[in-house]
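Before any comments, here is the structure.
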Amino acid sequence: GRRFLEAASAVSARKPLVILKAGRTPDGARAVASHTGALALPERIFQAVARYTGAILVDHLEAFMDAMLALAMQPALPGARVVILTNAGGPGAVGADHLARYELRLADLQPSTQERLQAVAPRGTMVGNPVDLLGGPQPEHYARALHTLLEAPEVDAVMTIFVPQAVTPAREVAAAIGEVAAGSPRPVVGVIFGGETALEAARVLHQASVPGFPTPCRAAFALGVLHQWAKIRQGRREPLEPACPLDPSKAVSQLLEARRQGKRVLDPQAGAELAAAWGLPVPPSGLAATPEEAVALAERLGYPVALKRIAPGLIHKSRAGGVALNLKGAHEVRDAFIQLIHPEEQALIQRMAPPGVEVIIGAYRDPLFGPVVMFGAGGVEVEALEDVTFRLPPLTRMEARVMLEETWIGRRLLQRDRKGGSEEIEALTDILKRVGQMMLEHPEIAEIDLNPVIVARPGEGVHAVDVRIVLSETVPAPAEAAALV
């Protein structure tokens, strides 16, 4: 696993790497002790692997061949503005519909560009976008229009579409497109409909290093691959800033003590202390064995507080009715303890965090590829929502921010950030980096769940109110542990 990551990363640093991965669907339920582990399906893990290595991941052979064709013939596509040059409205509309799937969009043509198009295109040409040359354009019309578009500063790439007509030879149209595209630094892909005539025209395009496809859908995918490759190259420029624990000795001692006691899951207080040692924003808390201890602890922490039942095997405390929130005085704390805590059990008393948006940040140790970090919508329904994304650590700040952009809940927070709240976004990216580094530094840890992490109103911070840390059943040997990081 790790050797594959190293080899793939080395290759993609020099040239595009396309991976066709079979067997990416789950082949059965995995016995896990955390939300993160339950959501870490093979498909999602391999998507994280592709992002880590800078590879382009495809899921069927046709896509694999189309991606290779585009990358071999055309330059990367840093921008997202595409023009469709066609002689038929229907296929042009289909191509436009598919661009958005690959984070591309139709370019807005400037009036000056439209005027130049009208001067070189057949009478009646629709010079919006798609640019429709109508039924019977000649090869020179395609050549002049394509040349005009490739010179326009508002255009990043062009998809040409040709539906053969009796008066227009497909081979000559392909030759005209290829001749113009050959001298351009901007990507051009072609679509030619038809049977044997289309195959012959596609061969002409390929000879000019213009990838030709039978449908606009596949051409849009090819442009998407070129756009993805440009983003991969751009993403390599960000330097890595490793996250470090604030209290390394405290973190190590917590893990050693848990191992000595034979624990598989850290109790919530120990997990919170380990998280705090790594600089994660955990509200102050403590354990109480009696109602009197609970009241004294609440007085020391300051009201309001939360009381949580601590019991072996109790994973989802809220669902089990083991949580009392917003307790504002000694009487409420005492009553909650008596009602919720069974004999020989303890209660976790925690200072209440302010209300806000609930997210989950977690990590899981994949048996093949090692640590994987997760971000998504949190709370008790996290597994039902499945609004999550994964990355392999270590993470850069930009990678952590992109994880937010890839989820609905993250985009909601980023939208709020534009109105104020950038401190909370920075805190989330910092937590993601630190959780990933925790997994790299401590091979004893199998899974981490911070759920929920409450993103409060702007200026009120981010709070990891529930920490669950699962230890590996076996501790890797020194050489194995080094390989994992």
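For the reader, a short list of remarks on this structure follows.
- Residue within segment 131-144 that is aliphatic (A, V, I, L, M), within 23 Å of Leu104 (Cβ to Cβ), out of contact with any helix residue (DSSP H, G or I) (no Cβ under 7 Å at 6 or more places or on another chain) and assigned by TED's automatic domain parsing to the domain that holds Thr86 present: no
- With respect to being buried (at least 19 other Cβ atoms within 10 Å of the Cβ) and either acidic (Asp, Glu) or under 23 Å from Glu424 (Cβ atoms) (or both), Val295 falls outside the description.
- Residues of segment 147-180 classified as in contact (Cβ under 8 Å) with a residue 12 or more places away in the chain and outside any loop (DSSP other than H, G, I, E, B), total: 23
- Qualifying residues in segment 359-370 (those that are at pLDDT below 95 and in contact with a strand residue (DSSP E or B) (Cβ under 9 Å, 6 or more places away or on another chain)) - the one surrounded by the most Cβ atoms within 10 Å (Cβ to Cβ): Tyr364
- Residue satisfying condition, being under 30 Å from Gln228 (Cβ atoms), outside any loop (DSSP other than H, G, I, E, B) and of a type outside the set (A, V, I, L, M), within set Arg101, Arg116, Arg144: Arg101
- Residue within segment 260-275 that is over 30 Å from Ala145 (Cβ atoms), modelled with pLDDT of 90 or more, surrounded by fewer than 22 Cβ atoms within 10 Å (Cβ to Cβ) and of a type in the set (S, T, N, Q) present: yes
- Complete set of residues in segment 118-163 that are under 18 Å from Ala174 (Cβ atoms) and basic (Lys, Arg): Arg144
- In summary, helices (runs of 4 or more DSSP H) completely within segment 361-431 and bearing 1 or more residues that are over 13 Å from the mean Cα position of the chain (by Cα) and not basic (Lys, Arg) occur at 382-385, 408-417.
- The set of residues from segment 89-121 being surrounded by 16 or more Cβ atoms within 10 Å (Cβ to Cβ), under 20 Å from Ile192 (Cβ atoms) and either outside the structural domain of Val189 (by TED's automatic domain parsing) or out of contact with any strand residue (DSSP E or B) (no Cβ under 7 Å at 6 or more places or on another chain) (or both) comprises Val94, His98, Ala121.
- Residue in segment 179-202 that is of a type in the set (Phe, Trp, Tyr) and at pLDDT below 95 present: yes
- Of the residues Ala72, Ala176, the single one that is surrounded by fewer than 16 Cβ atoms within 10 Å (Cβ to Cβ) and closer than 20 Å to Leu205 by Cβ is Ala72.
- Of all residues in segment 276-291, those satisfying the criterion of being crowded, with 17+ Cβ neighbours inside 10 Å and either polar (S, T, N, Q) or in a helix (DSSP H, G or I) (or both) are Ala276, Ala277, Ser285, Pro291.
- Contact map, segment 335-352: residues that are farther than 17 Å from Gln269 by Cβ paired with residues that are surrounded by fewer than 24 Cβ atoms within 10 Å (Cβ to Cβ), Cβ distance under 8 Å, separation 6+ or inter-chain. Pairs shown: Ala336/Ala324; Ala336/Leu327; Ile338/Pro291; Gln339/Ala324; His342/Arg309; His342/Ala311.
- The sole residue among Leu432, Leu404 that is of a type outside the set (Asp, Glu) and under 30 Å from Pro312 (Cα atoms) is Leu432.
- Here Glu241 does not qualify as outside the structural domain of Arg434 (by TED's automatic domain parsing), free of Cβ contacts under 8 Å to residues at least 24 places away in the same chain and of a type in the set (D, E, K, R).
- Subset of segment 432-467 [in contact with a Leu (Cβ under 8 Å, 6 or more places away or on another chain) and part of a strand (DSSP E or B)]: Ile445, Ala446, Leu450, Val453, Val455, Val462, Ala464, Val467
- Number of positions in segment 181-212 that are in a loop (DSSP other than H, G, I, E, B) and without any contact (Cβ under 8 Å) to a residue 24 or more places away in the chain: 2
- Index of the failed condition, Leu109 passing every other in (1) assigned to a helix (DSSP H, G or I); (2) within 30 Å of Glu405 (Cβ to Cβ): (1)
- Residue match in segment 224-245 (condition: closer than 27 Å to Pro452 by Cβ and charged (D, E, K, R)): yes
The values are calculated or read from the model by the stated rules, or taken from the named source; none is laboratory data. As the structure is a prediction and not an experimental result, all values here were calculated from the model. In this analysis, Cβ positions are derived from the backbone assuming ideal geometry, glycine residues included, and neighbour counts consider all displayed protein chains.
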